[in-house]
Amino acid sequence: MKLILFDFDGTITRKDSLIEFIKYVVGDFNYYKGLLILSPILLAYKLKILTNSVAKEKLISHFFKGWDKIEFQSIADKYSIEKIDEIIKPEALKRIKLHQAKGHTVVLVSASIECWLKGWCKKNNIELIGTKLDIKNNKLSGRFSTKNCYGIDKVNRIKEKYNLSEFDEIHVFGNSKGDFPMLELGTHKYYKFFK
């Protein structure tokens, strides 16, 4: 049995799905206006005062806190089905299909939010592990209900879902330092593999 683990943003996509999703929902003007408002937080992240997780949660909270969960999921599904294909690297999708044709277990492991990835994953028959949003009273609280699926938390989430000893090969595809712990799981490691 072979387990194939793909990071998403930057590994099999040409653009960051978080940025593209926010622009899709609120428009370019409101996206850049939001970045201006959040600039102290983004600067703190760049200076390593804030972690990736905290900065991303604040970004999500700014744009989506208080949204009705059904309305949000409806928009996320539309984006997932209609727009994500536009940013996928063709060679990456070809590699995914190759592994699937051989009967391998293919999993997308992403720090991005599951809401806007699950439609695309379902369409392509790919299993998904991602960051989940917290819902309170049927509205987005602006927080995560899981840890941000980044770094060592990718490994923890993978091990929660799969018994790695059942696989004789583990192929891992990543493109950033957030993927380094996951890459260490691999019997075959592919870093910045797709152009």
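The values are calculated or read from the model by the stated rules, or taken from the named source; none is laboratory data. None of these values were measured; they are calculated from a predicted model. Counting neighbours? That spans all protein chains shown, and the Cβs are built from the backbone with ideal geometry, glycine included.
Of the residues Ser61, Ser80, Ser53, the single one that is part of a helix (DSSP H, G or I), within 17 Å of Glu114 (Cα to Cα), of a type outside the set (Val, Ile, Thr) and modelled with pLDDT under 95 is Ser53. Can we say Val106 is under 21 Å from Cys149 (Cβ atoms) and not in a helix (DSSP H, G or I)? So Val106 fits the description; yes. Just checking, does region 57-64 include any residue being within 24 Å of Lys177 (Cα to Cα) and of a type in the set (A, V, I, L, M, F, W, C)? Yes, because at least one residue in region 57-64 is within 24 Å of Lys177 (Cα to Cα) and of a type in the set (A, V, I, L, M, F, W, C). The residue of region 141-187 that is surrounded by the most Cβ atoms within 10 Å (Cβ to Cβ), among those that are in a helix (DSSP H, G or I), of a type in the set (Lys, Arg) and in contact with an Asp or Glu (Cβ under 9 Å, 6 or more places away or on another chain), is Lys154. Could you check, for region 126-142, whether at least one of its residues is of a type outside the set (Phe, Trp, Tyr) and over 28 Å from Lys58 (Cα atoms)? Yes.
Looking across Ile60, Ile12, Ile75, one residue alone is buried (at least 18 other Cβ atoms within 10 Å of the Cβ) and touching a helix residue (DSSP H, G or I) at 6+ places or on another chain (Cβ under 7 Å). It is Ile12.
Checked against (1) surrounded by fewer than 16 Cβ atoms within 10 Å (Cβ to Cβ); (2) under 21 Å from Lys122 (Cα atoms); (3) among the hydroxyl-bearing types (Ser, Thr, Tyr), Ser80 passes all but a single condition, namely (1). Is it the case, given these coordinates, that Asp9 is in a loop (DSSP other than H, G, I, E, B), at pLDDT 95 or above and of a type in the set (D, E, K, R)? Yes: the conditions hold for Asp9. Answer yes or no: is there a residue in region 123-132 that is without any contact (Cβ under 8 Å) to a residue 24 or more places away in the chain, over 21 Å from Gly174 (Cα atoms) and either out of contact with any strand residue (DSSP E or B) (no Cβ under 9 Å at 6 or more places or on another chain) or among the hydroxyl-bearing types (Ser, Thr, Tyr) (or both). The answer is no, given that none of the residues of region 123-132 is without any contact (Cβ under 8 Å) to a residue 24 or more places away in the chain, over 21 Å from Gly174 (Cα atoms) and either out of contact with any strand residue (DSSP E or B) (no Cβ under 9 Å at 6 or more places or on another chain) or among the hydroxyl-bearing types (Ser, Thr, Tyr) (or both). Return yes or no: is Tyr190 in a strand (DSSP E or B), out of contact with any Asp or Glu (no Cβ under 6 Å at 6 or more places or on another chain) and aromatic (Phe, Trp, Tyr)? Yes: the conditions hold for Tyr190.
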